[in-house]
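Derivation of every value follows stated rules applied to the coordinates shown; laboratory data play no part. Remember, predicted model here, so these are calculated numbers, not experimental data. Neighbour counts are summed over all protein chains in view; Cβ atoms, including those assigned to glycine, are modelled from backbone coordinates with ideal geometry.
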Amino acid sequence: MAMTEHIEIDFPGGTRVDARIREHTIATDQQVEHGGTGSAPQPFDLFLTSIATCAGIFALKFCQSRELPTAGMRLTMDWLGHKTDPSAASVVLRLTLPEGFPDKYRDGILRSMDLCAVKRSIENAPQFRTEIIAEGAVP
């Protein structure tokens, strides 16, 4: 099943690079030490955040579909990067369950988080291609 998403990028000035997807605009900037103003997350921050929020959505939907409580549920993520070998990096997701969360659902909620589309896209990397189009042309 093929899916198509179209993202347009704007360059509003400085080191800002903003993305438009559907009706949303997502601002990015670089940290001050990298020449930016720090006015928005860096692109890599959004990448990391997409992993954690995707896992969070799957955990939330798991609970909602079973009418399980989510008050007090918390998800944290640690990224253990590697400067020269991205395949040596690791991600640790930690889910804090609400008090009284039924034991019989613990394995299930973890398996649901593994269904995250962002995680699966990283594990089964897409093919990348970059192209230049004629100056002033609109794709």
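Kindly provide the pair-distance distribution of the chain built from C-alpha pairs, with 10 Å bins from 0 and whole-percent values in order of increasing distance.
The distribution over the chain is 9, 29, 33, 21, 7, 1, 0, given as percents.
Could you give each residue of region 79-92 its phi-based ³J(HN,Hα) in whole Hz, using Karplus coefficients 6.51, -1.76, 1.60 with θ = phi - 60°, and x for Gly or Pro?
My calculation for region 79-92 gives 9, 10, x, 9, 5, 10, 9, x, 6, 8, 6, 9, 10, 10 Hz in order.
Can you work out the FRET efficiency for the pair Tyr105 and Ser50, with r the C-beta to C-beta distance and R0 = 35 Å, to the nearest 0.05?
E between Tyr105 and Ser50, to the nearest 0.05, is 0.90.
What are the ³J(HN,Hα) values, in whole Hz, obtained from phi via the Karplus relation 6.51 cos²θ - 1.76 cosθ + 1.60 with θ = phi - 60°, for each residue of region 116-121 in sequence order, with x given for Gly and Pro?
Each residue's phi maps through the Karplus curve to give 3, 5, 5, 4, 5, 5 Hz.
Relative contact order, percent, of region 67-139 when contacts are C-alpha pairs under 8 Å separated by at least 6 residues?
Result for region 67-139 is 24 percent.
Kindly provide the GluC sites (Glu not before Pro) of region 53-138 that DSSP labels as loop, not H, G, I, E or B, and whose Cβ sees at most 12 other Cβ atoms within 10 Å.
Those satisfying the criteria are Glu67, Glu99, Glu131, Glu135.
Please give the charge dipole size of the chain, origin at the Cα centre, charges +1 on K and R Cβ atoms and -1 on D and E Cβ atoms. Round to the nearest 20 debye.
For the chain, the charge dipole is close to 560 debye.
Once the Cα atoms of helix 43-65 and of the chain are each reduced to a long axis, what angle between those two axes, in degrees from 0 to 90 to the nearest 10, is obtained?
30 degrees
Mind listing which trypsin sites (Lys or Arg not before Pro) in region 1-61 are in a DSSP loop and have 14 or fewer other Cβ atoms within 10 Å? Intermediate values should be presented prior to the final figure.
Values: sites: Arg16, Arg20, Arg22, Lys61; in loops: Arg22.
Those that pass, being in a loop and sparsely packed, are Arg22.
Treat the count of other C-beta atoms within 10 Å as a stand-in for reagent exposure and order Phe101, Phe11, Phe128 from fewest to most.
Phe128, Phe11, Phe101
Calculated from DSSP H runs of 4 or more alone, at -39500 (n - 2.57) each and per residue, what is the 222 nm mean residue ellipticity of the chain, nearest 500?
My calculation for the chain gives -8500 deg cm²/dmol from helical runs alone.
Cysteines without a disulfide-compatible partner in the chain, using Cβ under 4.7 Å as the rule?
Cys63, each lacking another Cys Cβ under 4.7 Å.
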